[in-house]
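Chemist: Please find one structure pasted underneath; my questions will follow.
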Amino acid sequence: MIARIRAREIHGSVKRTSELARALTDASTVPQKMNCLRTLRAHRDAAYCAVLSKSGARLVTGGDDRLVKIWCAYNGLLRVACRGHVGEITYVAIDAREEIVASASTDTSVRTWKLDTGAPVAVLLGHTRSITELHFCPKAPHVLLSTADDGTIRLWNALRSSNVVKPLVIDMTRQGAIEGGRVVESNDDDVPLATAMQDGVAEGQMRTRGDQLNSVASPNAGGNQEECQVICGAFNASGTKFAVGTTFCKMHAWSLDLGAFDEDASPPAEAVKSMSSSAKHLNDIASIFFSHSGDRILTSSKDGQARIWEVDATGRRFVCANVLTTPAEAEALRAQLMGATAVNPRRAPTVPAMHVAVWSTDDKYVIASMGDNSIRVFDAFAGKLVHSMHGHTASTYVLQSNPLDSRLAMSASYDGKIIIWDIINGVDVRIFDGSHYNTQLVDGNWHPDGTSIIVSDLSGQFSIFGTGDSSRLLRAKYEQFLQTEFAEENLLGRSEGGHLIDLATGALLNDAFPRNLLCDAMGDPYPDPYQSAYQSGQLAAIGANFMLATAPVPAQGIASLAPVDVEGPWSAPEMGPEPILYRMSDDEDEDEDAGAVDDDEDDEDVQIDEDEEDDDDYDSDFERRSRRRRNRASRARRRTRRGRFDSDFSDSDASEDRATRRSARESRMPQRLGVDAYDTSEDDDDDDGQPRITRRRRRELDDLKLLSNDDDDEEEEEERPKKRAKAPVVSRADMRLHDAYKWLCSPEITVGTYVPQLGDDVVYVAQGHYEYLQDAGRNWRDEAPWQTLTSMRFVEPCRVTSLRYVIADDGTFDTHCLVTLKLMDESIADAGEDFFVRLQRSESPDFLVPLSRYSTAEACKWKRGDNCAALWDNTGCGDMEPWYGMIETARKHEGKWAGSPWNALSVQYFNVQNEEDRFMDHSFWELYADDVMKKEHAKVMYGASSSRAPRRAKFSAVDENTPRLSAAVQKELLGRVQRAANHQRFEAFVDVIGPNETFIRSREGVSANYCSVVPVPMGLSLIQERLRNSYYRQIDAFKSDVELVRINCEIFHGESSDYTAVATDLEDDLLNEIPERDDTELVSSAASAMKSYPAIVCEQPPQPAGTAENGRVSLCVRMRRG
């Protein structure tokens, strides 16, 4: 009956209800007919919110790009983008009349908008910390409930700004004190909304429900008993009661007198009456819901249990009617309760935490998401566990019962899976798996018709699942952004009400753009006739074939195209030998002939001493592979687009800043299938090929006096949405940018790339060094060590015995690292001999490999068909992520490098966008065991450790044998450094000196930029951070950094300066009585266990090595120790 009544309310047809009732005879009927109909990109960053209106006609999304966007849920077309927040969107809600949308942000404000036009309605200010939830009153839709981490609950008038109508405030930090709402009679109490929006966003604000709950419910949280946070809230169906859950483990409820409400004011204090409650949870309340009928309340908690509360006979008190848990867990909680004290009301759970619990549609069952990744079903009346269902591998915070069929429930998880459950039989009836491409789901809803689902993910997309065909959705572009989203901040202002206005016209932002063009993610408007059809509202008149006219795959009809074009990560097939074509963007209509020309041009860039006949054997194989690699990179650059842009948002500057400083490995990175490609690639379509200057970079250049006024004028003259003219960003002799040396100043290890440390045991790969020199444009004969060490083999175990640094004189002024290596294998004639290599920022793979990584990878004995993983830098700033694939074949080198293991394995990637990038060459030490990497990947994404042990880099556990200092040694060294940093005498050596700081040099008595003289700045703060991050692999590396502080003083001020004398004392204090390393025998044993490779055949006479240390400034300073 409930299903019939609700269906009639939604559809106005009993016939439709009857059809659904027949279809639902078998609970699996509808889910089995559901498929992914469309995946659309809604936001340029994570889309944490996706909410459907009561009728299902409108979808509202909110994301980290600070936008609230309103969509037509039927055809997937964007209707309006609401812009005004200055922080990420954390929660959105739609009122019961489907007139108003409310949004909350990390800027601690609430804004309301008109659902049909997106026009701003009100700005609600008052919260001081992150807002956790928003809810409209079902029977008084102008009343909006908000809960927040500041410990207050506020009832707002959603139609009037807070400087006009004050909210009713319930302060839980003051025992629930209530202050009634009122209308402001004068301007004396007005809140300056126009300026309030300029405040910065509080740091550390939690966004997802998982982040919020894990933050407040961790065992170490809650030390301050005075800070009460309100986590969740809810209204009952009649709107006469509301309840909240807090970090004080209690549920609080109030009754509302709807007759006392006035649409021109907030609810008065006398209309709100507190209702007491008995008992409480043992930990924070994670979720709270009223039953669909009646006034029963369901709460879930981090203590692993759910409670059902009912109103007692007096009607003024809620009592606990049932506790939902298992007998074993109930006993564990009872023991914990008996041993608890009143010091801290929150206790770490001894059983799996409960993330969220919801009612079934008929209120007979409770479905709960648990910390062990299971989904449990409880009998709401008997309080017994009915089913424990498994299918997810990560935390689940999206859980909903089907609005029409009480037997069905839907869960969506961080593991990328959507599972539809039959809660009566305790089985899954449909699984949509997006885990192949690291999809992380953060919000989702059933459509009110009960036959479709919408979910959003951390990549800014939302996906629609349902029955029937997807033709109505194929007319919507994958990327949908509006012109107003790209309007420059300096062209916008704030009205007195705090709304964004166009300074040129004085009109509200949306009114200033009457023809708000639909654009792609780059801000480029779509052309006619599509644009005109969209603007006129007649887009449905355009045939689906128009949408497919420029697709790079044949248009064989909607049905055949949908699996590869529409479903995205949800259409992941079982990976077989047959290639699969994917298209993620609607406007990828590149001319193939032009692409061929570009490839030819790239080929011409590879110049390798063709005039010298004796190099042919070396160069032929290298030239083929280099051309293949560079052509692949050029294709990826042409076909990809960046996901963030230099718009009015300050944090997008940071993303672009990362994009302008590409990592070395990214040039070889294939384009990942799905949304990740939009966040990591660079737009190379402009002619000059220079990196874009962002606002952050422009400020840095201004400080360094490296930006001319002409560049400023040129920037100001550009019109939007035209792309900015690009200008070069370079260092110069007397002023170097941080990029010139930052690769040597990282505070933590980046697993997957090698940065040398003193004392490292490494494997030197000769062919890799050869290609590295070729890529750098250096003469390999001058630097190749096998020219003089004639017994050297393709692969040699070595130890780093010396590190020196030099500022290059090649016009880049980058810092190069001169690494001295000692041959450690005693079985060769040159054992114990030293040679050096010169490292610089490069796009080539590493040819120095940590011995532990090499040995672990060699033991894998990779063969064709083995699943594997490789680490790639997805962001360009050292944030490595795993890519999964399969060994396709082992290739053999020819000529002089025959038998070399360098790039000898061809890997077929599972998750690439362009077919040309499906196969990539790798060396075996670049590959990781698939199962080990997936476990570590899951820990990185979902299981952050709360241990107090020294922190370790991401994915460091994939190599268990990686050497590192023991925790005891790190603690001892950290104590020494902290004591030195607190000593006033050593104050000058604490901070790392930045690139724009100038000092008087003691020796010359003249002013000079510090980083233009010193190749690698070092300070105690960086040493401390490295110790905390378990950066040092050997004690010698710590010694090297400490000595570097003194060496820098000698370079800048001279050996006899007072600064150097103090730095020498600092070195003595820190390195006094530190033991020397003595593990030569262990290294020799590991070296002897390695597979032996042939010696390099050298046909050239030995060349004198006199150019390796060329540079303007070198750290060739006597080391006092070691």
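Chemist: Give me the extension gain from Ala968 to Glu488: residue separation times 0.36 nm, minus the current Cα-Cα distance, reported in nm with one decimal. Write down the numbers at each step before the final one.
Modeler: Values: separation 480, 0.36 × 480 = 172.80 nm, distance 5.29 nm.
Roughly 167.5 nm would be gained on extension.
Chemist: Separate question: So for the pair His983, Ser802, with labels modelled 7 Å out along Cα→Cβ, what separation do we get in nm?
Modeler: Distance between label points: 2.9 nm.
Chemist: Counting only protein heavy atoms, what percent of the accessible surface of segment 740-942 is carbon or sulfur at a 1.4 Å probe?
Modeler: Details: 3250 of 6610 Å².
Accessible surface attributable to carbon and sulfur in segment 740-942 totals 49 percent.
Chemist: Can you list the residues, at least 5 places off or on another chain, whose amide H is less than 5 Å from the amide H of Asp520, using H built in the peptide plane?
Modeler: Counting only residues 5 or more places away or on other chains, the set is Tyr526.
Chemist: Let me ask another. Relative to the present Cα-Cα distance, how much length would full extension add between Phe381 and Ser842 at 0.36 nm per residue of separation? Kindly include the intermediate steps, with their values, before the conclusion.
Modeler: On the way: separation 461, 0.36 × 461 = 165.96 nm, distance 6.61 nm.
Gain on extension, Phe381 to Ser842, equals 159.3 nm.
Chemist: If I take R0 = 51 Å and measure r between the Cβ atoms of Thr998 and Asp834 in this structure, what FRET efficiency does the formula 1/(1 + (r/R0)^6) give, to the nearest 0.05? List each step's numbers first, then the result.
Modeler: Values: r = 38 Å, r/R0 = 0.74.
That gives a FRET efficiency of 0.85.
Chemist: A follow-up question, please. Can you order the peptides 142-154, 30-42, 732-744 by their average number of other Cβ atoms within 10 Å per residue, highest first? Write out the running numbers ahead of the final one.
Modeler: Working: 142-154: 24.6, 30-42: 21.8, 732-744: 18.6.
Result, highest mean first: 142-154, 30-42, 732-744.
Chemist: Here is a further query. So what is the accessible area of segment 967-1079 per residue, in Å², with the probe set to 1.4 Å?
Modeler: Working: 4920 Å² over 113 residues.
I get 44 Å² per residue for this part.
Chemist: In nanometres, what is the gap between the two model label sites at Asp264 and Ser1021, each 7 Å from Cα along Cα-to-Cβ?
Modeler: Once both label points are built, they end up 5.7 nm from each other.
Chemist: Can you give the accessible area per residue of segment 740-942, in Å², using a 1.4 Å probe?
Modeler: Numbers: 6610 Å² over 203 residues.
For segment 740-942, the per-residue accessible area is 33 Å².
Chemist: Run a plain Debye calculation on segment 967-1079 (Cα atoms as equal point scatterers, no solvent) and give log10 I(q)/I(0) at q = 0.18, 0.19 Å⁻¹, rounded to two decimals, same order as the q list.
Modeler: Listed by q, the Debye log ratios stand at -0.90, -0.99.
Chemist: Which FRET efficiency value, to the nearest 0.05, is calculated for Asp511 and Glu179 with the Förster distance at 45 angstrom and r the Cβ-Cβ distance? Let's see the in-between values first.
Modeler: Working: r = 36 Å, r/R0 = 0.80.
For Asp511 and Glu179, the calculated efficiency is 0.80.
Chemist: Peptides 245-258, 762-775: what's the order by average Cβ count within 10 Å, highest mean first? Provide the component values of the computation, followed by the final result.
Modeler: On the way: 245-258: 21.0, 762-775: 22.6.
Result, highest mean Cβ count within 10 Å first: 762-775, 245-258.
Chemist: Can you give me the pair-distance distribution of segment 740-942, C-alpha pairs, 5 Å bins, whole percents?
Modeler: Result, from short to long distances: 1, 7, 13, 18, 20, 17, 13, 8, 3, 0, 0 percent.
Chemist: Is segment 739-837 rounded, prolate or oblate when judged by the Cα gyration tensor, a ≥ b ≥ c being the square roots of its eigenvalues, rounded requiring a/c under 1.5 and prolate requiring a/b larger than b/c?
Modeler: Working: a/c = 2.02, a/b = 1.38, b/c = 1.47.
It is oblate, given that a/c is not under 1.5 and a/b is not larger than b/c.
Chemist: Compute the distance in nm between two label points, each set 7 Å from the Cα along the Cα-to-Cβ direction, one at Ser274 and one at Asp469.
Modeler: The two pseudo-label positions are separated by 6.2 nm.
Chemist: OK, next. Hey, can you rank 891-904, 824-837 by average C-beta count inside 10 Å, highest first?
Modeler: Details: 891-904: 17.7, 824-837: 16.1.
Those peptides, ordered most packed to least, come out 891-904, 824-837.
Chemist: Summarise the accessible area of segment 356-492 (1.4 Å probe, protein heavy atoms) by the percent that is carbon and sulfur.
Modeler: Numbers: 1630 of 3620 Å².
C and S atoms contribute 45 percent here.
Chemist: Oh, and also: Using 0.36 nm times the number of residues separating Asp528 and Glu1055, minus their current alpha carbon distance, what extension gain do you get? Write out the running numbers ahead of the final one.
Modeler: Details: separation 527, 0.36 × 527 = 189.72 nm, distance 7.11 nm.
Fully extending the segment from Asp528 to Glu1055 adds 182.6 nm.
Chemist: If you take the beta carbon distance between Ser791 and Glu894 as r and set R0 to 35 Å, what does 1/(1 + (r/R0)^6) give as a FRET efficiency, to the nearest 0.05? Please list the in-between numbers first.
Modeler: Numbers: r = 23 Å, r/R0 = 0.66.
With a Förster radius of 35 Å, E is 0.90.
Chemist: I would also like to ask the following. Quick one: which of Lys33/Lys69; Lys33/Lys384; Lys166/Lys250; Lys241/Lys364; Lys139/Lys166 span more than 24 angstrom between C-alpha atoms?
Modeler: Numbers: Lys33/Lys69 29 Å; Lys33/Lys384 32 Å; Lys166/Lys250 27 Å; Lys241/Lys364 21 Å; Lys139/Lys166 21 Å.
From the list (Lys33/Lys69; Lys33/Lys384; Lys166/Lys250; Lys241/Lys364; Lys139/Lys166), the Cα-Cα distance tops 24 Å for Lys33/Lys69; Lys33/Lys384; Lys166/Lys250.
Chemist: Could you check how much of the accessible area of segment 967-1079 is carbon and sulfur, as a whole percent, using a 1.4 Å probe? Kindly include the intermediate steps, with their values, before the conclusion.
Modeler: Working: 2220 of 4920 Å².
In segment 967-1079, the share of accessible area belonging to carbon and sulfur is 45 percent.
Chemist: Per residue of segment 779-795, in order, report the coupling 6.51 cos²θ - 1.76 cosθ + 1.60 (Karplus, θ = phi - 60°) as ³J(HN,Hα) in whole Hz, putting x for Gly and Pro.
Modeler: Running phi through 6.51 cos²θ - 1.76 cosθ + 1.60 with θ = phi - 60° gives 6, 5, 5, 6, 10, 5, x, 6, 5, 10, 9, 6, 8, 5, 9, 4, 10 Hz.
Chemist: Let me ask something else about it. Can you check how the C-alpha radius of gyration of segment 249-327 compares to 2.2 N^0.38 Å, as a plain ratio?
Modeler: The reported ratio for this selection is 1.25.
The values are calculated or read from the model by the stated rules, or taken from the named source; none is laboratory data. No experiment lies behind these values; they were computed from the predicted model shown. Here the Cβ is made from the backbone with ideal geometry for all residues, glycine too, and neighbour counts use every protein chain on show. Areas reflect the complete protein model, heavy atoms only, side chains present, ligands, DNA and RNA absent. Shrake-Rupley method; radii C 1.70, N 1.55, O 1.52, S 1.80 Å.
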